[in-house]
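In what follows, a single structure is set out as structure tokens and then discussed.
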Amino acid sequence: MRIAAAEDTDQTSGSAEFTSTASGHTSAKVTATEVDNDVTGGDNEYIKRFTAMYNKLKDPANGYFSPEGVPYHSVETFMVEAPDHGHETTSEAYSYYLWLEAAYGKVTGDWTRFNAAWASMEKYIIPATADQPTNSFYNPSKPATYAGEWDDIKQYPSKLDNGVSVGVDPIANELKTAYGTSDVYGMHWLLDVDNTYGFGRCGDGTTRPAYINTYQRGPEESVFETIPQPSCDTFKHGGPNGFLDLFTGDSSYAKQWKYTNAPDADARAVQVAYWAHTWATEQNKASQVSATVAKAAKMGDYLRYAMYDKYFKKQGCTSTGCAAGTGKDSASYLLSWYYAWGGANDSSAGWAWRIGSSHNHSGYQNPMAAWALSSVDVLKPKGTTAVADWTTSAKRQLEFYRWLQSSEGAIAGGATNSWQGHYAAPPSTLPTFYGMAYDWQPVYHDPPSNQWFGFQAWTMERVAELYYATGNADAKLILDKWVKWATDNTTVNTDGTYQIPSTLVWTGQPDTWNANNPGGNSELHVSIRDYTTDVGVAGSYAKVLMYYAAKSGNATAKNVAKGLLDGMWKNNQDAKGVSVPETKADYRRLNDPVYVPAGWSGKMPNGDVINSSSTFLSIRSFYKNDPDWPKVDAFLKGTGPAPSFNYHRFWAQVDVAVALAEYGRLFP
């Protein structure tokens, strides 16, 4: 670790009055002041910085929220990464919106905005009964029909196969009993906030925000190869069968709705609800958040679908003929990449389905949420087996990290119960974790899913929170090694400039897991290909270090966290928050062909033709009207350099803002 000593910032007290407005709401005058130290966490420099960031994020002129009050993925519209447009939003962004308002409640004692953020989430990104109308027909003994996943995108559409056995869904009936409904209470991962594509709701073309999806075709499908489609497909757009026959092969197609949950986002919402409850309780205001916290517990109940194999097959599956699960034997007790659910649009058609996921990524785990759902009374879900499941999960997730921890300290990719997505036999040389095969790049390969240091920061932040809140010894063991590796490879200079790891390279593999005698993983290694100044990852990483430092007393971790936060504040502030220039050479792929089977033809809502000649841009011609198009166009034509952007991703801004608030709380 290379860090230059930073002078302590002057800590002054006083009050700051400001006016804050959210789109669609009247302005409210708020006084951020040292009401007393129990309420504000001490009025120090870092709390003031949080307040400054908060005001920038909530200033309508800065463009973080839609007129409906929905947080955009980014302020900028020309944005292609996981979402394929900046004015989409994700369940991730909503969970960060909750985090922003929880920190605001801690600082000001005002919990109305936290409750309002949850209400917005419930209104716009948790499907209402009208948006999932045929759940009552769901049969837990026949959750879904099998269709394999394939490495080659040209193997899609994937044929539905009734001949492959599917296990029993063991939690559907207890959820229905607990909540008196067949609806699923979870976020869909992606919204077209401005209805840029024009799908609207169930083909109406106008309703916004609109539920959409993109990824559908295996691990090689990068964002540049996706075909956006509506979550409610009424065949109004696309081809004769809407978009359905691009993804699944069947003898005939029915109009239908379908949603996909990103478990890390729902788990983050639960994690944030824990802190909201904790901080409101300290302020004698627990009753003000109790209704919202109860909804977080409910969300955590349904989040258990992420523990189950995609088709509820038993753990340790190595062929399509492997045994169907009969109960909890299909659960990995980890947070997998998704769960999904869908059904017929026609209320008289009478069918619905649900699936889990067989792929488990280290970056999605959240032992903090698992601990809260199993141990904190107000967050214990109503489902009869939920507390037991989350108790097992809290322990299993920590085992997963230990199994995946490299010799150096970084956490490797994950494990799957369905090799290559179709229950193929994994290579016999691969180590296993409770029957699942090691996968260094679970879920997606373009780019490899575990090369981004951000996953390390995100997931270790949760481990560090757990350690801080509970003193968990296994969490400390993992963090001791991880923090040393990360700080050894971080530079903070005297002028506040910094660099942190960016692209990771993995070699070797872990030892097969033995809970009674964990191996040292002497053959599993990580190296760092390049470094970054990414503000969002730096904010999340700083939180790992500060929670760890606050509990362990580790001075290096505290100093690096402080150095990163001070450096960003000194060098990277702008009118909208914090940012650094990003050169987007990968935008050369905007002209990549999008695979469409020969003979298939259809149209996007704006008339863009979808056929075997389509490219990313050709089915998104609206990008040519974007204010940033000219510099991207010049790059694509070879007449200009790779375009540079100062992006303002909502999650990244909130990670920095919350890091500032938490540093002020932890080190007043």
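The values are calculated or read from the model by the stated rules, or taken from the named source; none is laboratory data. Everything numeric here is computed off the predicted structure, so don't read it as measured data. Counting neighbours? That spans all protein chains shown, and the Cβs are built from the backbone with ideal geometry, glycine included. Remember, those area values only see protein heavy atoms, side chains included, never the ligands or the DNA or RNA. Shrake-Rupley method; radii C 1.70, N 1.55, O 1.52, S 1.80 Å.
Straight-line reach only, C-alpha to C-alpha below 28 angstrom: list the lysines that residue 558 could link to, leaving out same-chain residues fewer than 8 apart.
Within reach: 48, 56, 106, 395, 476, 481, 484, 543, 570, 576.
Among rounded, prolate and oblate, which fits segment 497-583 when a ≥ b ≥ c are the square roots of the eigenvalues of its C-alpha gyration tensor, a/c under 1.5 means rounded, and a/b larger than b/c means prolate?
Because a/c hits 1.5 or more and a/b fails to exceed b/c, segment 497-583 counts as oblate.
Quick check on segment 601-668: take the gyration tensor over C-alpha atoms, sort the square-rooted eigenvalues as a ≥ b ≥ c, and tell me if it's rounded (a/c under 1.5), prolate or oblate.
It comes out prolate by the Cα gyration axes.
Using the Cα centre of segment 178-270 as the reference point, and only Cβ charges (+1 on K/R, -1 on D/E), how large is the resulting charge dipole? Debye, rounded to the nearest 20.
In total the dipole reaches around 260 debye.
Straight-line reach from residue 142: which lysines have Cα under 16 Å away, leaving out those fewer than 8 places along the same chain?
Those lysines meeting the cut-off are 310, 313, 314, 328.
To two decimal places, what compactness ratio does the chain give when its Cα radius of gyration is scaled by 2.2 N^0.38 Å?
Taking N as the residue count of the chain, the ratio is 0.92.
How many angstrom lie between the C-alpha centres of segment 187-227 and segment 130-145?
Cα centres, segment 187-227 to segment 130-145: 22 Å.
Tell me, in nm to one decimal, what length is gained between residue 592 and residue 516 on full extension, where the rule is 0.36 nm per residue of separation less the Cα-Cα distance?
Extra length available between residue 592 and residue 516 comes to 22.4 nm.
If I model a spin label as a point 7 Å beyond the Cα along the Cα-Cβ vector, how far apart are those points for residue 493 and residue 634 in nm?
Here the modelled spin labels are 2.8 nm apart.
Report, to one decimal in Å, the Kirkwood hydrodynamic radius for segment 61-161 based on all distinct Cα pairs.
Hydrodynamic radius (Kirkwood, Cα pairs) of segment 61-161 is 17.0 Å.
Stokes-Einstein at 37 °C, 0.692 mPa s, Kirkwood radius from Cα pairs: D for segment 315-433 in µm² s⁻¹?
The Stokes-Einstein estimate is 201 µm²/s.
Where a Cα-Cα gap under 28 Å defines reach, which lysines qualify for residue 236, not counting those fewer than 8 residues away within the same chain?
123, 154, 159, 255, 258, 603, 624
Dividing the convex hull volume of the Cα atoms of segment 375-503 by its residue count, what figure in Å³ per residue is obtained?
157
Applying 1/(1 + (r/R0)^6) with R0 = 22 Å to the Cβ-Cβ distance of residue 624 and residue 123, what FRET efficiency is obtained, to the nearest 0.05?
About 0.10, to the nearest 0.05.
Quick one: length gained pulling residue 207 to residue 220 fully straight, 0.36 nm per residue minus the C-alpha distance?
Stretched fully, the residue 207-residue 220 segment lengthens by 1.5 nm.
Between residue 530 and residue 667, what FRET efficiency follows from the Cβ-Cβ distance if R0 is 51 Å, with the result rounded to 0.05?
For residue 530 and residue 667, the calculated efficiency is 0.95.
Could you work out the mean projected area of the convex hull around the alpha carbons of segment 359-421, in square nanometres to one decimal?
5.2
State to the nearest 20 debye the size of the charge dipole of segment 502-560 about its Cα centre, where the only charges are +1 on K and R beta carbons and -1 on D and E beta carbons.
So the magnitude is around 320 debye.
Please work out the C-alpha center-to-center distance from segment 56-122 to segment 401-417 and express it in whole Å.
32
Note down the relative contact order for segment 254-334 as a percent, whole number, built from C-alpha pairs under 8 angstrom at least six residues apart.
24
Quick one: putting +1 on the C-beta of Lys and Arg, -1 on the C-beta of Asp and Glu, what dipole do you get for the chain around its Cα centre, in Debye to the nearest 20?
Its charge dipole is roughly 780 debye.
Specify which residue in the list 640, 128, 445 is farthest towards the positive end of the charge dipole of the chain, using unit charges on the beta carbon of Lys, Arg (+1) and Asp, Glu (-1), about the Cα centre.
128
Taking a label point 7 Å from the Cα of residue 136 along the Cα→Cβ vector, which residues of segment 346-380 have an amide N closer than 14 Å to it?
Counting backbone N atoms under 14 Å from the label point, the list is 346-352.
Got a sec? Charge dipole of the chain, +1 on Cβ for Lys and Arg, -1 for Asp and Glu; which of 138, 397, 508 is way out at the positive end?
After comparing all options, I get 138.
Under the 0.36 nm per residue contour assumption, what length would be gained going from the current alpha-carbon distance of residue 388 and residue 484 to full extension?
The span from residue 388 to residue 484 would gain 31.2 nm if fully extended.
Points 7 angstrom from Cα along the Cβ direction at residue 507 and residue 375: gap in nanometres?
Output for this residue pair reads 3.9 nm.
To the nearest 10 Å², what's residue 393's accessible area with a 1.4 Å probe?
Ignoring ligands and nucleic acids, residue 393 comes out at about 0 Å².
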